[in-house]
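Report on the following structure.
Where a number appears in this text, it was derived from the coordinates with a stated rule and is not lab data. Not measured: the values here are computed from a predicted model. Cβ: placed from backbone, ideal geometry, glycine included. Neighbour counts: every protein chain shown.
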Ligand SMILES: *Cc1c(COP(=O)(O)O)cnc(C)c1O
């Protein structure tokens, strides 16, 4: 069985997204790594058993690893990837994390604190000095930038340097930015986490995650954790995620252009208290003037935009984040997070404006 081809190192990210992780250019090799359905392999090779490895995972991992600049390990979901990284923390270890994070990550951190497994210090990632001070004695600095759903930005190289000065590992959840807008390993991060469910796969039909690192010992611990814990992706999910990754740059460019355009059109709208946009990517958070009720009316009045959680698909979706009990209470009750898709921006804008009118 052929291994996926390594990515060329002298080409741009868009070319890597299209070319990495494909079979060798040999007669009768398929252009795409096929879907490998196998629970076990003939003994004597590198794979042995389906929980230890799968060529469809390997192809996805080759491509994502090449984009992020490290070695990728895929997992059953983004939250399984989060779990694997938090399991790297020694018992009693301190984790520094942003107060605004993906809710599942905060729930995982809090569950470990409750069971006595780890300690957590929550910080504001926009306050670089405070984060660095909190990292004293820490085992891990974990953060997102932009944060979900507040869309705050951290100074990635400065935060990494602050944590490393105290000997802490640094893990960054790069789900919102994708490797096309932010490459944390190049900024010194030790671990990059992805919910491949979002932009990487991009079509709202896959749940999958990954961790990327350029430290071989950490990569091996993640693979061991996956084999032991069993949070493996299915071959089909990996196949679909790689198929999605091939068009990441095209989808993201278009969604981001739409997002920028919508931010301009919505700025100063009398029914919006705030239009938050981090300057890149395709997530916008709107704070609706009418609070929770006004925001719920706005979401219900949208026709084209689908009321749904999650983000990063080709279709535009929106939701009021505080409808989730686990969302931080420092997030405004009327905050509606938009995941901008690749539809025509005039249609997206018209629908938002009519929904704001209807919600008044
Ligand atoms: C969705 C998400 C996760 C969790 O990923 P799943 O694939 O849903 O398990 C983690 N981090 C961020 C930033 C997310 O948006």
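Details
- Acute angle (nearest 10 degrees) that the helix 156-165 long axis makes with the longest principal axis of the chain, alpha-carbon atoms: 60 degrees
- Volume per residue of the C-alpha convex hull in the stretch 122-276, rounded to whole Å³: 143 Å³
- For the stretch 13-245: rounded, prolate or oblate by the Cα gyration tensor [a/c cutoff 1.5]: prolate
- Cα long-axis angle, helix 55-68 against the chain (0 to 90 degrees, to the nearest 10): 60 degrees
- √(5λ) per eigenvalue of the Cα gyration tensor, the stretch 120-177, largest first, Å: 18, 11, 10
- Separation in nanometres of the label points that stand 7 Å from Cα toward Cβ, at residue 236 and residue 315: 1.9 nm
- Note on residue 133 and residue 267: their simple-model spin labels are 3.4 nm apart, each label 7 Å out from Cα toward Cβ.
- Length gained when the stretch residue 329-residue 250 is fully extended (0.36 nm per residue, less Cα-Cα span): 24.9 nm
- Estimated FRET transfer efficiency when R0 is 56 angstrom, pair residue 31-residue 113 (beta carbons, to 0.05): 0.70
- Residue-span extension gain [residue 360 to residue 11] - 0.36 nm each, minus C-alpha spacing: 120.6 nm
- Taken over the stretch 77-197, the convex hull of the Cα atoms encloses 85 Å³ per residue.
- Spin-label model, residue 203 to residue 24: label points 7 Å out along the Cα-to-beta-carbon direction sit 3.0 nm apart.
- Shape of the stretch 259-317, Cα gyration tensor, a/c cut at 1.5: oblate
- The long axis of helix 291-301 is offset from the longest Cα principal axis of the chain by roughly 70 degrees.
- Per the Debye calculation on the stretch 149-221 with a single equal scatterer at every Cα and no solvent contribution, log₁₀ I(q)/I(0) for q = 0.16, 0.24, 0.28 Å⁻¹ amounts to -0.61, -1.15, -1.31.
- Among beta bridges from DSSP that stay inside the stretch 13-245, the antiparallel ones total about 40%.
- Global form of the stretch 301-360, assessed from the alpha-carbon gyration tensor, a/c cut-off 1.5: oblate
- Here the translational diffusion coefficient of the stretch 9-116 follows from Stokes-Einstein with Rh set to the Kirkwood radius across Cα pairs; for 37 °C and 0.692 mPa s it amounts to 193 µm²/s.
- Normalising the Debye intensity of the stretch 1-72 to I(0), with uniform scatterers on Cα atoms only, and taking log10 at q = 0.22 Å⁻¹ returns -0.98.
- Diagonalising the gyration tensor over the Cα atoms of the stretch 248-358 and scaling each eigenvalue by 5 before taking the square root yields semi-axes of 20, 15, 13 Å, largest first.
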